[in-house]
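Peer 1: The structure is given below, and queries will be raised subsequently.
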Amino acid sequence: MVDATHKSFDASDRSHHAILKREVQRLAIAAQFTEKRRAELDIVVAEITSNFYKHAKGGEVLAGCFREDGLVYVELIGVDQGPGMTDLNRMMADGYSTKNTLGHGLGSIKRLADTFDIFSLKDWGTVLLARIFRDGKPVAGTPRRHTQIRPVVVAKPKEMHSGDGYYATCSDRYTKIILADGLGHGIEANIATNEAINAFKECPHLSPVEIIRFIHPQVRKTRGLVATIVVIDDHLKQLHIAGVGNISARLVGATHSRSPISYNGIIGHNIPGTMRDQVFDFDAYQQLILCSDGIQSRWDLNQIAALMRHDLSVQAAAVYKEFGRRTDDMAVLIARFIP
């Protein structure tokens, strides 16, 4: 079942820290982490929440468990509205503190996490990423996908299920992606998205428009959804894309960006009779960003150009932090094209 990729926890209130710790432990136990790895996760959670409590306002931790190419990991993303850090290298050093503490926080997180990244900007805040793999850090040279994909999907506050969802499948030549948003929110929206993704998995077509047409009759009994379909052809270095409804898409290059346009309609209820795939040579672009309408339509990472050098999950969390509406399910998916 497709659902939110991350659960959100308030990290600015100490009373919520124990809840976060229990949830992360639950994820790790379900994923069969060893006791040692779970203890290391505990330390990372404690350091993230401690830092946010001391230094930030409006701190939030996103926690999720992922299985990718045979690897299993827990991903923790800390997001805050604090004053930001002006000298990250100095802050990472053990013993440095601005609050008369031991100053081991960020250094401890970096040592224990298999993947660590942090972005901070004065008067903007901080996004911190820590991934802890169940079986230890992946060995260098592990086969990589042609397209790297990182999602941040968070349910509307107080909802148990997300109506936003994504699915991706990769072969030697093609990467196929769907980002879907069931109408409304809650369980019925989640059902619509899952029915669409089940159809997407069965669909033999490689044209996004034909995939949409294949899904359309399969979801008639649901409340319907909007979705964008992407098919990446690594042999031809082309990206094919089509969407129905208000999923925003942006191709980002070194010097320019491009926003493919979606068609009006609701998949499962009414879609245009005439649609065509939009085709782009992705040599001119490094990334594709997709957002559901839980993200403000005027989102723009160009304001924070330095983010492009960071992990895709950090970038996606930055979009969520700055532009998430918090009145709906929220989804940001970023795909990076690997030469």
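Peer 1: Would it be correct to say that ASP277 is in contact (Cβ under 8 Å) with a residue 12 or more places away in the chain and out of contact with any Cys (no Cβ under 8 Å at 6 or more places or on another chain)? Please lay out each step first, then the result.
Peer 2: Values: in contact (Cβ under 8 Å) with a residue 12 or more places away in the chain: yes; out of contact with any Cys (no Cβ under 8 Å at 6 or more places or on another chain): yes.
Spelling it out, ASP277 is indeed in contact (Cβ under 8 Å) with a residue 12 or more places away in the chain and out of contact with any Cys (no Cβ under 8 Å at 6 or more places or on another chain).
Peer 1: Moving on to the next point. Inside segment 234-244, can you point out the residues that are farther than 15 Å from ILE211 by Cα and either assigned to a strand (DSSP E or B) or of a type in the set (Lys, Arg) (or both)?
Peer 2: Quick first cut of segment 234-244, residues farther than 15 Å from ILE211 by Cα only: 234-238.
Listed by number, the residues that qualify are LYS237, GLN238.
This table checks each residue for (1) over 10 Å from the mean Cα position of the chain (by Cα); (2) surrounded by fewer than 21 Cβ atoms within 10 Å (Cβ to Cβ); (3) farther than 23 Å from VAL226 by Cα; (4) aromatic (Phe, Trp, Tyr).
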position	(1), (2), (3), (4)
TRP299	yes, yes, no, yes
ILE304	yes, yes, yes, no
ASP311	yes, no, yes, no
GLY324	yes, no, no, no
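Yes/no matrix, rows are residues, columns are (1) charged (D, E, K, R); (2) part of a loop (DSSP other than H, G, I, E, B); (3) in contact with a helix residue (DSSP H, G or I) (Cβ under 6 Å, 6 or more places away or on another chain); (4) open to solvent by 10 Å² or more (accessible area, probe 1.4 Å):
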| site | (1), (2), (3), (4) |
| --- | --- |
| ILE177 | no, no, no, no |
| ALA180 | no, no, yes, no |
| ALA192 | no, no, no, no |
| VAL209 | no, no, no, no |
| PRO217 | no, no, no, yes |
| ILE229 | no, no, yes, no |
| ASN246 | no, yes, no, yes |
| PRO272 | no, yes, no, yes |
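Peer 1: Give segment 72-110 a look and list any residue that's out of contact with any helix residue (DSSP H, G or I) (no Cβ under 7 Å at 6 or more places or on another chain) and either modelled with pLDDT of 95 or more or of a type in the set (Asp, Glu) (or both), or say none.
Peer 2: VAL72, TYR73, ASP87
Peer 1: Restrict the check to segment 202-219 and report whether at least one residue is within 20 Å of MET330 (Cα to Cα) and either out of contact with any Gly (no Cβ under 9 Å at 6 or more places or on another chain) or β-branched (Val, Ile, Thr) (or both). Show your work before the answer.
Peer 2: Taking segment 202-219 first, the residues within 20 Å of MET330 (Cα to Cα) are none.
No.
Peer 1: Also: Tally the residues that are at pLDDT below 95, assigned to a loop (DSSP other than H, G, I, E, B) and out of contact with any Leu (no Cβ under 9 Å at 6 or more places or on another chain), restricting the search to segment 5-34.
Peer 2: Counting residues in segment 5-34 that are at pLDDT below 95, assigned to a loop (DSSP other than H, G, I, E, B) and out of contact with any Leu (no Cβ under 9 Å at 6 or more places or on another chain) gives 2.
Peer 1: Considering only segment 12-31, I want to know if a residue exists there that is at positive phi and surrounded by fewer than 20 Cβ atoms within 10 Å (Cβ to Cβ). Full working, then the answer.
Peer 2: Going residue by residue through segment 12-31, those that are at positive phi are none.
No, segment 12-31 contains no residue that is at positive phi and surrounded by fewer than 20 Cβ atoms within 10 Å (Cβ to Cβ).
Peer 1: Please go through segment 280-297 and pick out each residue that is touching a residue at least 40 places away in the same chain (Cβ under 8 Å), surrounded by fewer than 15 Cβ atoms within 10 Å (Cβ to Cβ) and part of a helix (DSSP H, G or I).
Peer 2: Step one: list which residues in segment 280-297 are touching a residue at least 40 places away in the same chain (Cβ under 8 Å), which gives 280-283, 285-295, 297.
Applying the additional criterion that residues be surrounded by fewer than 15 Cβ atoms within 10 Å (Cβ to Cβ) yields 281, 283, 297.
Correct list: ASP283 only.
The values are calculated or read from the model by the stated rules, or taken from the named source; none is laboratory data. Only a predicted model underlies this, so the values are computations on that prediction, with no experimental measurement involved. Neighbour counts run over all protein chains shown; Cβ positions are idealised from the backbone, glycine included. Each accessible area value is taken on the protein alone, full model and side chains, heavy atoms only, with ligands, DNA and RNA left out. Shrake-Rupley method; radii C 1.70, N 1.55, O 1.52, S 1.80 Å.
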